[in-house]
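Colleague: Please find one structure pasted underneath; my questions will follow.
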Amino acid sequence: MDKSVYIEIRDRLKTLISGTEFENRVFFVGGCCRDDIMGCEIKDIDISVALPDGGIRLAQWLYAEGYAVSEPSVFHEYHTAKFRLAEYHEIELESVQTRKESYPDRASRNPVTSYGTHEEDCMRRDLTVNALYQNVSTGEIVDITGKGLEDIRDHIIRTPADPYRTYDEDPLRILRCVRFAARFGWEIEKETLAAMVEMVPRMSILTPARISEEFLKMLQDDRPAMAVELLCDIKAIGYILPCIPKADSVEALRRISSNTDSLNLRLAALLHGNQSQKEILESLRLPASDIEEMTFISACASQLQECENLDDAAVREVQFRCGDPDRFNQIVLLVEAMGNQRSADDIKERTAKMFSEGTAMFAYRLPLNGKDIIEIRHMSPGPEVKIILRHLLKYAFRNPLVSRDELKKLLIECEI
């Protein structure tokens, strides 16, 4: 959201809670404070309320007073509520009490939560830069660790509390640390990094779904290659992928991420040439349609990778399979990412020439169909008709301007 809207929402809440029990107890917290300070786009507003069950009570009070557009969604188990202010109904806000956590079950990362002090709420968070608060009533930034603002200035990633305990309790924070370090291109503080390396085996308690979610977020950030390199360095990659990516695959990811934010293309670059590509994509719980698209793009890129050794017919075949130029251009991007700039340039030049000559085959349709073949060859419907159509199509790739009459003559005079 635009920063001006963020400030308007903060000022509106300040006015609404003035003179109530919520005054000086409502705080913007976490990512929205960090991004506001850094001048980044603010995506979500999380609110912490320093009162028992304060998050739910604030949301319900706002609704009861007519300041919220509808009854809030309440999650009693987590002491949270979601609501929308009447003036900003398109933006969902989430509020929660300041809380402390305990982890009685070491086989689970799910904590038992209860009302806690501001300091307890701060120390349970993943990073100092994500543990900043802003008092809605005064506008004051509250940096309980005394390091959050400094770490933003110095570009440092570290945990608010003891990192060994932090990662022992919830090893998902290891992945979050990697993600934010790569997102900003910042350095991980020495002790924090050492704790990540030592506590990596705790990732065995994480569900594949949560691991996949964090990994895919890394790949969609600005520096996905840095994230993968960090995962390899701390030996966490084995909990995500069944094999360590090759250096050239990571470099391909780095190249392609500078040209596109497409998750499909970035994954295709990272996994290109991997024998288990489809199985890995399935393990990441991606939609079947995305898996199909990535394997298609990768297969076509392999076909075009050595384009200098291919004739124009092979290029037209890939054009035909793609169906539209944009999809074809994605494949060319992947060829470039794999370090085959010469082949990519050759493909682009050939394709431009084919467009100018009217021989590109993105939307090509054979002048003959199966019914024509049956009539011309006096044959019955069946698999052989499809075989003949494939042969005619291959002929058309070599002769893209072939006419209907020429194909009919070919059917009559030649055995196909």
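Colleague: How far apart, in nanometres, would the label points at residue 210 and residue 108 be if each is projected 7 angstrom from Cα along the Cα-to-Cβ direction?
Modeller: 1.1
Colleague: Place +1 on the Cβ of every Lys and Arg and -1 on the Cβ of every Asp and Glu in the chain, take the dipole about the Cα centre, and give the residue among 86, 234, 97 whose Cα lies farthest towards its positive end.
Modeller: 234
Colleague: Please give the FRET efficiency for residue 405 paired with residue 295, using the beta carbon to beta carbon distance and R0 = 56 Å, rounded to the nearest 0.05.
Modeller: Efficiency, rounded to the nearest 0.05: 0.90.
Colleague: Okay, moving on. Per residue of the stretch 202-213, what does 6.51 cos²θ - 1.76 cosθ + 1.60 with θ = phi - 60° give for ³J(HN,Hα)? Whole Hz please, x for Gly and Pro, Karplus curve as stated.
Modeller: 5, 5, 5, 8, 6, 6, x, 5, 6, 4, 4, 4
Colleague: While we're looking at this one, here's another question. Just to confirm the number: angle between the C-alpha axis of helix 288-304 and the first principal axis of the chain, 0 to 90 degrees, nearest 10?
Modeller: Orientation of helix 288-304: about 50 degrees from the principal axis.
Colleague: At R0 = 45 Å, how high is the FRET efficiency between residue 246 and residue 142 if r is their beta carbon distance? Nearest 0.05 is fine.
Modeller: Numbers: r = 46 Å, r/R0 = 1.02.
About 0.45, to the nearest 0.05.
Colleague: Residues of the stretch 304-335 with the amide nitrogen closer than 14 Å to a label point 7 Å from the Cα of residue 348, along Cα-to-Cβ, please.
Modeller: 329-335
Colleague: Additional query: Short version: ³J(HN,Hα) in whole Hz for each residue of the stretch 178-184, in order, from phi by Karplus 6.51 cos²θ - 1.76 cosθ + 1.60 (θ = phi - 60°), x for Gly and Pro, what are they?
Modeller: Calculated HN-Hα couplings, in order: 4, 4, 6, 4, 6, 4, 8 Hz.
Colleague: Let me ask another. For the stretch 280-416, what class follows from the C-alpha gyration tensor (a ≥ b ≥ c being the square roots of its eigenvalues): rounded when a/c is under 1.5, otherwise prolate if a/b is larger than b/c, else oblate?
Modeller: Cα axes put the stretch 280-416 in the oblate bin.
Colleague: Based on the alpha-carbon gyration tensor of the stretch 95-160 and its eigenvalue square roots a ≥ b ≥ c, which shape applies: rounded if a/c is under 1.5, prolate if not and a/b is larger than b/c, or oblate?
Modeller: Verdict is oblate for the stretch 95-160.
Colleague: Moving to a separate point now. Name the chymotrypsin sites (Phe, Trp or Tyr not before Pro) in the stretch 154-246 that are in a loop by DSSP and that have at most 15 other C-beta atoms within 10 Å, would you?
Modeller: For chymotrypsin sites (Phe, Trp or Tyr not before Pro) across the stretch 154-246 that sit outside H, G, I, E and B with at most 15 neighbouring Cβ atoms in 10 Å, the list is empty.
Colleague: If each DSSP helix of 4+ residues adds -39,500 (n - 2.57) and the sum is divided by the residues in the chain, what number results at 222 nm, nearest 500 deg cm²/dmol? Could the numbers behind the result be given before it?
Modeller: Numbers: 20 runs with 219 residues, N = 416.
The helix contribution divided over the chain gives -16000 deg cm²/dmol.
Colleague: Another question, if that's okay. Using DSSP loop states and a limit of at most 16 other Cβ atoms within 10 Å to flag trypsin sites (Lys or Arg not before Pro), what is the longest stretch of the chain containing no flagged site? Please list the in-between numbers first.
Modeller: Working: sites that count: 43, 106, 235, 246, 285, 365.
Result, exposed sites excluded: 107-234.
Colleague: Looking at the chain, what % of its DSSP beta bridges pair antiparallel, to the nearest 5?
Modeller: 75
Colleague: About its Cα centre, how strong a charge dipole does the stretch 1-132 have in debye, to the nearest 20, once Lys and Arg get +1 and Asp and Glu get -1 at the Cβ?
Modeller: 300
Colleague: I've got another one for you. Answer with one residue from 286, 358, 329: the one whose Cα lies farthest towards the positive end of the charge dipole of the stretch 273-416, charges on Cβ with Lys, Arg +1 and Asp, Glu -1.
Modeller: Working it through, the farthest residue towards the positive pole turns out to be 358.
Colleague: Show me, for the stretch 346-359, the HN-Hα J-couplings you get by feeding each phi into the Karplus relation (A = 6.51, B = -1.76, C = 1.60, θ = phi - 60°), rounded to Hz, glycine and proline as x.
Modeller: Values per residue, Gly and Pro as x: 5, 4, 4, 5, 5, 5, 4, 5, 5, 4, 5, 8, x, 10 Hz.
Colleague: Go through the stretch 200-307 and name the GluC sites (Glu not before Pro) that are in a DSSP coil and have 13 or fewer other Cβ atoms within 10 Å of their Cβ.
Modeller: When the GluC sites (Glu not before Pro) of the stretch 200-307 are filtered for loop state and at most 13 Cβ neighbours within 10 Å, 306 remain.
Colleague: Please give the length that would be gained between residue 21 and residue 78 if that part of the chain were fully extended, namely 0.36 nm times their separation in residues minus their C-alpha to C-alpha distance (nm, one decimal).
Modeller: Result: 18.3 nm gained on full extension.
Colleague: Report, in debye and to the nearest 20, how large the dipole of the chain comes out about its Cα centre when Lys and Arg carry +1 and Asp and Glu carry -1 on their Cβ.
Modeller: Around 1000 debye, computed over the chain.
Colleague: Let me ask you something else. State the percentage of accessible surface on the chain attributable to carbon and sulfur atoms; use a 1.4 Å probe and exclude ligands, DNA and RNA.
Modeller: 47
Colleague: Another one. What is the sum of charges, Lys and Arg at +1 and Asp and Glu at -1, for the other residues whose Cβ falls under 15 Å from the Cβ of residue 143?
Modeller: Combined, the nearby Lys, Arg, Asp and Glu give -2.
Colleague: Kindly report the accessible area of the stretch 280-416 per residue (heavy atoms of protein chains, probe 1.4 Å, no ligands, DNA or RNA), in Å².
Modeller: 56
Colleague: Counting Lys and Arg as +1 and Asp and Glu as -1, each charge on the Cβ, what is the dipole of the stretch 188-314 about the Cα centre in debye, to the nearest 20? Write down the numbers at each step before the final one.
Modeller: Values: 12 positive and 21 negative charges, 108 e Å.
Rounded to the nearest 20 debye, it is 520 debye.
Colleague: Continuing with the same structure: Calculate, in nm to one decimal, what residue 275 and residue 53 gain on full extension: separation in residues at 0.36 nm each, minus their alpha carbon distance.
Modeller: 74.7 nm
Colleague: Pull out the extension gain between residue 412 and residue 198, defined as 0.36 nm times the separation in residues minus the alpha carbon to alpha carbon distance; nm, one decimal.
Modeller: 69.7 nm
The values are calculated or read from the model by the stated rules, or taken from the named source; none is laboratory data. Source: prediction; values computed, not measured. Methodologically, a virtual Cβ is constructed for each residue, glycine included, from the backbone with ideal geometry; neighbour enumeration extends over all protein chains shown. Calculation scope for accessible area: heavy atoms of the full protein, side chains included, ligands and nucleic acids excluded. Shrake-Rupley method; radii C 1.70, N 1.55, O 1.52, S 1.80 Å.
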